[in-house]
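These notes are about the structure you will find just below.
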Amino acid sequence: MGVRGLHGFVGSSCPQVCTEVNFRELAEQHRSEHPGRAPTIVVDAMCCLRYWYTPESWVCGGQWKEYFSVLEDFVRTFTAAGIRLVFFFDGMVEQDKRDEWVRRRLKNSREIARIFRYLRAHGEQPGRSMFFIPSGLAIFTRFALKTLGQDTMCSLQEADYEVAAYGRQNGCLGILGEDTDYLIYDTCPYFSIGELCLDSLTTIMLCRQKLCASLGLGLPDLPLLACLLGNDIVPEGTFETFRYKCLSSYTSVRENCDKKGSVVFAVADHISKVLRLHRGQKSPWIPQTPKAVTTLDKQEVPMSSDPESKQEVPVNLEPEIKQQVTMVSDTEILEVARARHVQAESYLVYSVLTSGEVECSNTLEDALDQALPSQAFVYRPVRQRVYALLLADSQGGAGSCPAVREWFVYAGNPLRHPDLVRPLQMNLPGGTPSLRQLWLSQEPGVQAQRVDVLLACLDLAASREELQALESPFRTLCCLLIYLFMQVDALCLEDLHAFVAQALCLQGKSAGQLADLQLDHVDPRAVQLGSLLVRGLTTLVLVNSACGFPWRTSELMPWNVFDGKLFHEKYLQSARGCSAEALVEQNRSRLARFHQLKSVVCKACLGEGRRIVSQQLWRPHHTGRWGRQGPGSHRMSSGHSRSSQGQYWRDQGPGSRHHESDPWRRHAPSSGWSN
């Protein structure tokens with residue numbers, strides 16, 4: 001992330017750039033110089049995720065209650081020092097950074113393959129050197145911070161531009177992150193999250209003025225230096241020959257400078273000898289007038305923010321905003337979607353409405369497990385119905401909607417092209433309501449209508465009454481479990497027991513108790529199941545956003561329904577044949593709730609012809625209908641009765657251009673199990 005080799009160069013060859021600072025002292029100085037204005041630190045949250053995630057267990061799906069506690073401590077410490085925090089998250093992947101995004105995803109896939117090889121060989125979590133952040137961490141961190149009352153923003157482009165803009169425009173104390181781009185940008189001071197000691201509130205400040213002095217450059221020269229060294233936009237190999245020539249002609253006076261350090265000095269020396277035009281940087285944070293957005297029917301939508309808004313978000317400072325063709329023409333809907341996106345209240349909705357392009361990063365999935373499908377395929381039918389809901393208004397129905405471009409990571413996908421995924425019409429009596437009705441209407445019955453649409457996106461309309469009778473957060477859990485067990489026949493009764501038992505036991509455990517929990521074995525299949533459930537929760541966030549928030553967002557948060565280690569413990573117990581009483585830790589009230597929730601899931605699945613049976617009856621003979629490749633292997637529902645009709649992916653190989661519906665019939669039951 002950032003400028004290639006610059007972080008290492010500063011640490012090894014230019015240590016004078018780094019100065020230890022104390023945030024409490026800086027805040028006190030700021031208050032004396034700017035009375036009445038709270039010292040503010042703008043946080044590049046994407047850089048901070050791996051530093052915030054300190055729970056020991058990371059492979060089982062996430063220690064969400066522990067993680068929430070860590071964030072709570074972080075916020076509390078800065079608040080006690082009188083420092084305001086503003087968090088920014090990446091909201092879009094810009095086209096000129098797509099190649100870099102793909103490169104990192106493919107690298108992550110190789111790392112995940114190593115993790116699963118280790119799990120199969122050792123039966124335990126790898127060491128921290130192989131650490132991989134739990135699936136959905138960035139998404140749920142947004143909502144955790146909002147729950148903690150923090151100003152949380154989602155960018156309309158690469159977040160570092162908006163972070164730099166916000167810091168400069170609002171006179172912030174500094175930027176907290178781990179990205180050498182902030183050494184290049186002409187913005188407020190840059191502080192390292194990696195060097196932060198939360199107890200003392202000390203860290204390292206990296207000074208761009210000292211960097212310039214060490215290199216013999218001026219501030220306007222830094223963007224050129226960044227390009228010649230290589231960054232997220234300019235590939236490192238582009239100027240490799242140029243750097244070699246610079247290094248060959250450069251005689252360094254620093255005897256102990258390493259090779260990479262010599263390269264930086266050599267390129268800087270070359271720049272300093274070239275006649276420079278002192279016109280300054282054309283910075284990505286210089287205020288510019290946003291241009292209009294053009295919809296498919298050629299309407300122009302003014303995209304400036306409300307000047308009376310009290311929220312200090314630089315949404316009217318996007319650099320180089322080009323005219324954009326959007327997928328919908330309703331300007332009011334676009335404005336609402338944009339506001340919810342910027343305020344980090346929704347997920348993917350704005351991307352679908354504007355660019356028709358979405359992405360999902362890596363998930364801890366075992367490429368060698370042919371029985372369990374990738375989450376990209378399991379939840380694709382839900383996304384297709386959401387696409388129909390979002391786009392049908394402007395296109396005259398789902399059938400005429402354009403395909404959405406999906407960049408989803410799954411085994412065997414080289415990510416050379418996006419998958420083109422067709423919207424799928426929902427089966428709703430009276431038809432699908434408009435976004436205006438769902439998002440803007442205040443009529444008495446609209447909330448119930450929103451719930452109906454949410455359930456229709458999951459194809460769970462038949463279970464509405466039973467699900468609505470459940471209280472939060474178990475309603476969310478049962479929705480997800482019914483959907484999962486209908487989609488994936490490789491799931492068995494023991495899996496259901498584990499999911500339900502862990503959610504019930506989670507309610508009575510503190511973050512400390514969960515941290516103390518020890519596992520005697522880590523099972524690769526349980527690892528993937530944990531990630532599969534968490535990705536289901538992110539999908540529910542998308543559905544809830546698209547439907548106008550029929551359910552409180554807090555109901556969908558993993559710290560309320562899932563804990564990785566606790567699920568793993570229940571999974572291992574359930575696989576050994578432990579009784580329901582043992583799974584719920586001999587708690588009578590939990591036992592009654594266990595049977596209630598299990599009954600809701602089993603009844604809903606049985607009503608659609610899916611009988612959930614024990615692994616003892618079928619696992620030795622059956623590897624699961626879901627496979628990762630092969631014609632018809634990726635099953636999805638058309639919205640009709642699953643027992644008679646649904647659809648499968650036309651499998652033309654990873655990255656195939658179109659995914660749409662075709663009839664299918666359920667496979668005949670194999671020996672030892674039944675539908």
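The values are calculated or read from the model by the stated rules, or taken from the named source; none is laboratory data. Since the model is a prediction, treat every value here as computed from it, not as a measurement. As a convention, Cβ positions derive from the backbone with ideal geometry for all residues, glycine included, and neighbour counts pool all protein chains shown. Each accessible area value is taken on the protein alone, full model and side chains, heavy atoms only, with ligands, DNA and RNA left out. Shrake-Rupley method; radii C 1.70, N 1.55, O 1.52, S 1.80 Å.
A simple spin-label model places the labels of VAL274 and ASP96 1.7 nm from each other, with each point 7 Å out along Cα-to-Cβ. Would you mind classifying the range 431-470 by shape? Square roots of the alpha carbon gyration tensor eigenvalues, ordered a ≥ b ≥ c; an a/c under 1.5 is rounded, otherwise it is prolate if a/b is larger than b/c and oblate if not. It comes out oblate by the Cα gyration axes. When each of the peptides 383-390, 90-97, 237-244, 446-453 is scored by the mean number of other C-beta atoms lying within 10 Å of its residues, the order from highest to lowest reads 383-390, 446-453, 90-97, 237-244. In this simple spin-label model, placing a label point 7 Å from the Cα along the Cα-to-Cβ direction at both SER441 and ASN170 gives a separation of 3.7 nm. For the pair ARG110 and SER510, a Förster radius of 60 Å applied to the C-beta separation gives a FRET efficiency near 0.95, rounded to the nearest 0.05. For the range 2-127, the square roots of the Cα gyration tensor eigenvalues, ordered a ≥ b ≥ c, give a/c of at least 1.5 with a/b greater than b/c, which places it in the prolate category.
Modelled this way, with points 7 Å down the Cα-to-C-beta line, the labels at ASN22 and CYS197 are 1.1 nm from one another.
Would you please classify the overall shape of the range 563-603 from the alpha carbon gyration tensor, given that a ≥ b ≥ c denote the square roots of the eigenvalues, rounded means a/c under 1.5, and beyond that prolate means a/b larger than b/c while oblate covers the rest? Verdict is prolate for the range 563-603. So if R0 is 25 Å, what FRET efficiency would SER32 and LEU219 give, r being the distance between their Cβ atoms, rounded to the nearest 0.05? After rounding to 0.05, the efficiency reads 0.40. Restricting the calculation to Cα atoms, every distinct pair contributes to the Kirkwood radius of the range 75-199, found to be 17.1 Å. The share of accessible area on the range 26-142 that comes from carbon and sulfur is 50 percent, using a 1.4 angstrom probe. Once you've got the Cα coordinates, tell me which of LYS509/LYS570; LYS65/LYS146; LYS107/LYS245; LYS210/LYS245 are over 18 Å apart. As for pairs spanning more than 18 Å Cα to Cα, those are LYS107/LYS245; LYS210/LYS245.
The charge dipole of the range 100-213, taken about the Cα centre with unit charges on the Cβ atoms of Lys, Arg (+1) and Asp, Glu (-1), comes to about 620 debye, rounded to the nearest 20. Placing unit charges on each Cβ (+1 for Lys and Arg, -1 for Asp and Glu) gives the range 45-143 a dipole about its Cα centre, and among CYS60, GLY91, THR141 the Cα reaching farthest toward its positive end belongs to CYS60.
Extension gain for GLU332 to ALA462 (0.36 nm times residue separation, less C-alpha to C-alpha distance): 43.5 nm. The length gained by stretching the chain between SER434 and THR238 to full extension, at 0.36 nm per residue less their Cα-Cα distance, is 65.7 nm.
Relative to the Cα centre, the charge distribution of the range 464-543, modelled as +1 at Lys and Arg Cβ and -1 at Asp and Glu Cβ, gives a dipole magnitude of about 260 debye.
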